[in-house]
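Down below is the structure, laid out as structure tokens.
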Amino acid sequence: MTDLPVFDTRPRLQFDTEILLRAQDIRVLLLDVDGVLTPGDLLVGESGETHKRFSTLDGHGLKLLAACGVAPVVVSGRDSPALRTRLRELGLLERSVLGRAHKLPGAARLLQDLDVSWEQAAVMGDDWPDLPLLVRARLAACPAVAHPEVRARSHYRTQAAAGFGAVRELCDLLLVAQGQYRRLLEQAIAGD
């Protein structure tokens, strides 16, 4: 009989108890795109096409979150083929509100369609167009670099930068708060 190796599966992440309590009952995560899912740079080609940079860390975190019953949705003031391609890859395109300067009506409709309230919503934004959502959410979050008015109204500010794992950090926080993180980590280490 061969002894199987024992792997260390203890989580390394730690979050403040107050923020974990706030995150326990979240059922939907509303996300801005530019400055949250991307670094916020707009790369425009000479033909006018827009290129965006997305983090695979963020994408994997969103997939884990969705698998645990928290619906990630996108509410963005911009729309582009690059954005639609990435959202389609993540399975988020159908539940996205794109190209709306005023985000609140679209976000409210999404919450209604999902049968959840603002008390069950987390929002991550970085600038003034996100404020109407952030102030209503149970958990308001922003990337490390966000406008000062957004930072002042956020319960949680990531250490990671936008487009470089900020969304993944928030996904991990939600998974820890809801008691799912360790199980998922153990499955990943086991190769499941």
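The values are calculated or read from the model by the stated rules, or taken from the named source; none is laboratory data. No experiment lies behind these values; they were computed from the predicted model shown. Heads up, the Cβs are rebuilt from the backbone with ideal geometry, glycines too, and the neighbour counts pull from every protein chain shown. These area figures cover heavy atoms from the full protein model, side chains too; ligands, DNA and RNA do not enter into them. Shrake-Rupley method; radii C 1.70, N 1.55, O 1.52, S 1.80 Å.
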Inset, instruction - Name the helices (runs of 4 or more DSSP H) wholly inside the stretch 89-157 in which the number of residues that are in contact with a strand residue (DSSP E or B) (Cβ under 6 Å, 6 or more places away or on another chain) is 3 or more. - result: 104-114
Inset, instruction - Please work out which residue is surrounded by the most Cβ atoms within 10 Å (Cβ to Cβ), limiting yourself to the stretch 161-180 and to residues that are in contact with a helix residue (DSSP H, G or I) (Cβ under 6 Å, 6 or more places away or on another chain) and over 13 Å from residue 23 (Cα atoms). - result: 167
Legend entry - Single condition residue 83 does not satisfy, out of (1) under 22 Å from residue 173 (Cα atoms); (2) buried (at least 18 other Cβ atoms within 10 Å of the Cβ): (1)
Legend entry - Selected residue (criterion: nearest to the chain's Cα centre (by Cα)) from residues of the stretch 174-192 that are closer than 18 Å to residue 26 by Cβ and without any contact (Cβ under 8 Å) to a residue 24 or more places away in the chain: 179
Legend entry - Close pairs from the stretch 150-173: first on the phi > 0 side of the Ramachandran plot, partner open to solvent by less than 10 Å² (accessible area, probe 1.4 Å), Cβ under 6 Å, at least 6 apart: 163/38
Inset, instruction - For residues that are over 14 Å from the mean Cα position of the chain (by Cα) and without any contact (Cβ under 8 Å) to a residue 60 or more places away in the chain, tally how many sit in the stretch 123-144. - result: 5
